[in-house]
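Scroll down for the structure; my scribbles are underneath it.
The values are calculated or read from the model by the stated rules, or taken from the named source; none is laboratory data. It should be emphasised that the depicted structure is a prediction, and the values quoted were computed from it without experimental measurement. In this analysis, Cβ positions are derived from the backbone assuming ideal geometry, glycine residues included, and neighbour counts consider all displayed protein chains. The area values use the complete protein model at the heavy-atom level, side chains included, leaving out ligands, DNA and RNA. Shrake-Rupley method; radii C 1.70, N 1.55, O 1.52, S 1.80 Å.
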Amino acid sequence: MRAVDWLLHEDEFNPSALGKCEAVMCLGNGYLGLRSATEERYIGERRGLFVAGTFNRFHESEVCELPNAADFLEMDIFLNDEKFNLQSGTVKSYSRTLNLSTGELCRKVEWVSPIGRGYTLDFFRVVSLCDLHTIAQKVCITPLDGNAELSLSTGINGQITNSGSQHFSEGAKRLYEKKYMQLVQTTVESNIDFVITTHCNFYGGEAESHIHMDRRKIFSVYTAAINKGECLTIEKITTVHTSRDKACENLGTEALQAHGLANLKKQSVGYDKLLVDSAAAWKAILWDNVPVTVESENPRDATALRFAQYHLQIMAPAHDPRMNIGAKGLSGEGYKGHTFWDTEVFALPYYIFTQPKTARSLEEYRYNSLPGAREKANLGGFKGAQFPWESAWLDDGEVTPLWGAADIVTGLPIPILTGQIEIHITCDVCYGIWQYYMATGDEDFMEKYGYEVIFETATFWESRLEEGDDGLLHINHVIGPDEYKDGIDDDAFTNYFARWNLYLAMEYYDKLSGTALLEKLKERLTLDRSGWQSKAEHVYVPAPREDGVIPQNSTFLILKDIDLSKYKAQKQVGSIYKDYNHDQIGQMQVCKQADVLLLLLLMEAAFTPEVKRANWNYYEPRTLHDSSLSLSTHCILAGDMGDYAEAYSLFERACNIDMGPNLNSSNDGIHAGSIGGIWQCAVLGFGGLRLVGDKIRIEPKLPESWRRLEFYAFLKGQKVRIEITKDKINLENTTRTGEVKLEINGIEHVLTDMLNIDNYSQPI
C-alpha cells in the first residue's frame, strides 16, 4: 500500500491483504462504518457494516458486541456468462484508491476473462457525511473487444455473521414499486430493528430485473446488453436506519420501514451529487476548518496525518452522547466495538482541540453510563462509581470477555483479568473530563455532568484504598497500563492518578462550596470531603529512587532481567508469547507498553527533567510496544528530551501500525487509539502544544526533516491557527471574541489577534 498526498493506493490485487485494505480503507461517518470489501466475494474477506451503539449479546455466555449487519455491497457480475473475479482470467491493470479528502473509494480494473474477452470495470463508493444513513455505489462496465450480455445480481444479504455468531432474527423482506428492495432484521437480545433499503439505476442502457427472496436475503437479477466500447453505469443507493436512532426510537417497525423508504427516495439524487455534497461536508468540517499541514522531506508524513484525521472523523459518533468510540472505531469486529481508556487518553485530546462539541458528546457518554459504573462499584463492595474496563451500551456495565488466546504451556485459554482488576480506567475517565474543562472552560458541562463524575470517582477511590502495615494506603491486586503484569500491588500509574482524583474532587468541592449546585449534589450523592482528604494525604505513591527511577509497581524492579533485543527487533507484535507464556512474562522486567513513562507525560509538571530522563533510560529498553498505544507516548517524550531523531523514528513506527507493510496488522480493524496518537505526536509532540494544569503551553520540537507545521486548536473558546517553522512561531486568533493566555517557550503571552515570535530556539 502506498500513501501519496491525499491518497492511499493499492497497486495490485493481493488476496492476502483483503482484511487490511477493508479496514484501512474503510468508509464511515460516525453513525456507521463500512469495511471496504470488494463487490465480488473472495475467501478470506471480512465484510462488515457496523452501526454505532447497536450492541447485542448473541448468548448469555457471551458479552455484547456490535452486530455485523446485512451486506448490500455484494454484486455478482456475469459478462457473457463468465463471472467477474480477479482470481480467474488475467488482470491487466488494477488500482484501488481511498481519497482522504472526499472519502471516496475507487477501484479500476482491466480484466481479461478466462476465454479471452477484455473489459474495464470501474467501481466507486462513498458513505455520505451529509446524511448519516446514506451509502452510494457506482459501477461502470465497458466491453473492449466485443458486445457483452450483463447479468448482475445484487441486493441485501442478511446472512452475514460476527465470526459465526448471528445476532439477528429474520424480519420482513419487501420490494416496493417494483424498484426499492428492503430488508428488516432485529437483534435477538437487545431487540433493535435494522431497516436497510436499496435500489439500482442504470445509465447508458436498459436493464430488465427480476426480484428474488431467500433466507435472510432479498436481491434482484438485472440483465442488460452492452455494446463494444460503450459504458454501462449502474448506481446503487442504500440507506440504513435502526430503532436506536434518536429520530426513530419511538417508531414501530412498520413506521421505521416507511421512514427508511422515504429517506432513500429523498437521497436518490444520483451518485455524483451525493459525492459532491459529501466532499463539501468533508471540506467544511475538516480540511478547511482544522487541518494539520506538514512540510517534510518525506511527503508520506503529511498523508499519515491526513489518514489520522480521516479516521478520527469517521470513528466518532458525534451525533449521539449515548455512544462512544470503539477500540477499532467502526472498522471491524475487533474488541467487539467496546470503548476503552483509549478514548480518554489517546483520542479525546484530538476532539478537545479540534472539535470540542464532539469531545463534549464523548464525555457526556461517560456521565450517561454512570449507573453502570455505580453498579460495578457496588458489586465489588465499593462506593461511588467504578467505570468498566470495557464499555458498550449505557446500562450494559462491564463487558470485558473472560477468556482470550491460548496459553502455549497449558493449552488452555488465557483468562482476561482486565475487566476485574485494571481499574485505572476510573481515573482515566476523570482525567478526560478535567482535560476537556481545562481546554474549553465549559462550565455548563461541568455543572450538568462533570462535577458529579469527578465526585463519584473520588468516592470510589476512597473506598478502594487499603491500609498497609506501614500506615499508608495502598491499591493492591491490579493491572496497570502495562498489561504484562497482573495482580500487582501499588502500580505507580494507578496510585498517582487515584490520589490526583481525590485532590481534584476536593478542589472542586471547595469551588462549589455555598452554591445551590453543591447542595443538590449532596442531596443525591454521598460526598465526604474530609474522607477524601484523609485518604489522599496517606496514599502511597512510589517516589523516584536515588537514581531517579520510579518503581512501576511493588515488585517490578526485582524481577528477572532478560535480553530483549530479539523482541525489540520483532516484525510482529507479541512475538515474546512464542517463547513464554503470560505467567512467565509476568516474572520478567518487560513491559507491553508505556506505563511509568505515560505517567510522566500526563503528569509532566510533577516530575523533573532528570527524573524523566532516568525513567526513559530504564524503561524504554524494557518496553516492547506490543500495544499500539505505546509508540506515541515514547515519541512525545523523546522529543521532550531533545532526542528528535528518536522521536521521528517512533512517529514513523506509529504511522506504520495501520499504514505500514504488515498485511495482517489491521484485519480486525484500525487501531483507534494509535491513530489518535499519530495526531498527538505531531501537535502535542512536535508542535509542543500542551495543557499543563490550567496553563496552555507551546514548546515546539520539530524533527530535522520537518520544515513547517501548521495546525488549529480551540483554546478557551477561541480558534487559534498555529504555524511553526525552524525559527518562527506565528499564532492567529481567528475567532477574535476573547483572549487566550499561553506560555511560549517559558514566556507568558496574551493572544487577542496575531502573535509572531522570531528566532526562537528549540530546547535541547
Any residue in region 13-20 that is in contact with a Pro (Cβ under 6 Å, 6 or more places away or on another chain), outside any loop (DSSP other than H, G, I, E, B) and either farther than 19 Å from PHE84 by Cα or hydrophobic (A, V, I, L, M, F, W, C) (or both)? no
Report those helices (runs of 4 or more DSSP H) wholly inside region 522-641 carrying at least 3 residues which are open to solvent by 20 Å² or more (accessible area, probe 1.4 Å). 529-536, 565-568, 582-585, 609-619
Of GLU447, GLU456, which residue is in contact with a helix residue (DSSP H, G or I) (Cβ under 7 Å, 6 or more places away or on another chain), part of a helix (DSSP H, G or I) and surrounded by 19 or more Cβ atoms within 10 Å (Cβ to Cβ)? GLU456
Among the candidates GLU60, GLU74, single out the residue that is more than 18 Å from ILE670 (Cα to Cα), modelled with pLDDT under 95, open to solvent by 10 Å² or more (accessible area, probe 1.4 Å) and more than 20 Å from the chain's Cα centre (by Cα). GLU60
Output yes when any residue across region 110-125 is modelled with pLDDT of 95 or more, of a type in the set (Gly, Ala, Ser), buried (at least 17 other Cβ atoms within 10 Å of the Cβ) and under 30 Å from LYS266 (Cβ atoms), and no when none is. no
Hey, GLU82 hits all of (1) surrounded by fewer than 20 Cβ atoms within 10 Å (Cβ to Cβ); (2) closer than 18 Å to PRO15 by Cβ; (3) more than 24 Å from the chain's Cα centre (by Cα) but one; which does it fall short on? (2)
Flagged in region 343-392 as within 19 Å of VAL63 (Cβ to Cβ), in contact (Cβ under 8 Å) with a residue 40 or more places away in the chain and part of a helix (DSSP H, G or I), in numbering order, are THR343, TYR365, ALA373
Among the residues of region 542-577, write down those that are under 19 Å from SER628 (Cβ atoms), in contact (Cβ under 8 Å) with a residue 40 or more places away in the chain and out of contact with any Pro (no Cβ under 8 Å at 6 or more places or on another chain). TYR567, GLN570, LYS571, GLN572, VAL573, GLY574, ILE576, TYR577
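Conditions (1) touching a strand residue (DSSP E or B) at 6+ places or on another chain (Cβ under 9 Å); (2) over 23 Å from LYS741 (Cβ atoms), marked per residue:
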site: THR400; (1), (2): no, yes
site: GLY419; (1), (2): no, yes
site: TYR431; (1), (2): no, no
site: GLN435; (1), (2): yes, no
site: ALA439; (1), (2): yes, no
site: PHE445; (1), (2): no, no
site: TYR449; (1), (2): no, yes
site: ILE454; (1), (2): no, yes
site: TRP461; (1), (2): yes, yes
Quick one: in region 459-469, which of the residues that are surrounded by fewer than 20 Cβ atoms within 10 Å (Cβ to Cβ) and in contact with a Phe, Trp or Tyr (Cβ under 9 Å, 6 or more places away or on another chain) is farthest from TRP389 (Cα to Cα)? GLY468
Test: GLU344 is farther than 30 Å from GLY19 by Cβ, open to solvent by less than 10 Å² (accessible area, probe 1.4 Å) and acidic (Asp, Glu): no
Picked from region 587-618 (must be touching a strand residue (DSSP E or B) at 6+ places or on another chain (Cβ under 8 Å) and of a type in the set (S, T, N, Q)), the residue farthest from PRO481 (Cα to Cα) is GLN587
List the pairs whose first member sits in region 226-239 and is in contact (Cβ under 8 Å) with a residue 24 or more places away in the chain and polar (S, T, N, Q), whose second member is open to solvent by less than 10 Å² (accessible area, probe 1.4 Å) and outside any strand (DSSP E or B), and whose Cβ atoms are under 7 Å apart, counting only residues at least 6 apart or on separate chains? THR238/PHE72; THR239/GLY260; THR239/LEU264
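The rows are residues; the columns are (1) aromatic (Phe, Trp, Tyr); (2) within 26 Å of ILE325 (Cα to Cα); (3) touching a Phe, Trp or Tyr at 6+ places or on another chain (Cβ under 7 Å).
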position	(1), (2), (3)
ASN664	no, yes, no
GLY685	no, yes, no
ARG708	no, no, no
ARG721	no, no, yes
ASN733	no, no, no
VAL740	no, no, no
ILE744	no, no, no
TYR760	yes, no, no
Those residues that are open to solvent by less than 10 Å² (accessible area, probe 1.4 Å) and either assigned to a loop (DSSP other than H, G, I, E, B) or free of Cβ contacts under 8 Å to residues at least 60 places away in the same chain (or both), I need them from region 652-695; list them, please. ALA654, GLY660, SER666, GLY669, ILE670, CYS681, GLY685, PHE686, GLY687, GLY688
Taking the conditions exactly as written (buried (at least 19 other Cβ atoms within 10 Å of the Cβ), farther than 18 Å from TYR335 by Cβ and touching a Gly at 6+ places or on another chain (Cβ under 8 Å)), does LEU27 satisfy them or not? yes
It is to be established whether one or more residues within region 161-176 are open to solvent by 40 Å² or more (accessible area, probe 1.4 Å), over 18 Å from HIS133 (Cα atoms), basic (Lys, Arg) and part of a strand (DSSP E or B). yes
For region 211-242, which residues satisfy the criterion of being open to solvent by 20 Å² or more (accessible area, probe 1.4 Å), among the hydrophobic types (A, V, I, L, M, F, W, C) and more than 25 Å from TYR119 (Cβ to Cβ)? ILE211, MET213
Restricting to region 130-159, count the residues that are closer than 30 Å to TYR310 by Cβ, open to solvent by 20 Å² or more (accessible area, probe 1.4 Å) and in a loop (DSSP other than H, G, I, E, B). 4
Subset of region 199-251 (residues that are closer than 25 Å to PRO143 by Cα and part of a loop (DSSP other than H, G, I, E, B)): GLY204, GLY205, GLU206, ALA207, ASN227, LYS228, GLY229, GLU230, CYS231
Leading residue by the ranking (least open to solvent (accessible area, probe 1.4 Å)) among those in region 369-416 that are more than 21 Å from THR343 (Cβ to Cβ) and modelled with pLDDT of 95 or more: GLY380
Does any residue of region 309-323 turn out to be open to solvent by less than 40 Å² (accessible area, probe 1.4 Å), under 16 Å from CYS130 (Cβ atoms) and either modelled with pLDDT under 95 or assigned to a loop (DSSP other than H, G, I, E, B) (or both)? no
If we keep only residues of region 243-260 that are modelled with pLDDT of 95 or more and among the acidic types (Asp, Glu), then the residue least open to solvent (accessible area, probe 1.4 Å) is ASP245
Looking for something in contact with a helix residue (DSSP H, G or I) (Cβ under 9 Å, 6 or more places away or on another chain), among the small types (Gly, Ala, Ser) and within 23 Å of TYR437 (Cβ to Cβ) - is there at least one such residue anywhere in region 694-712? no
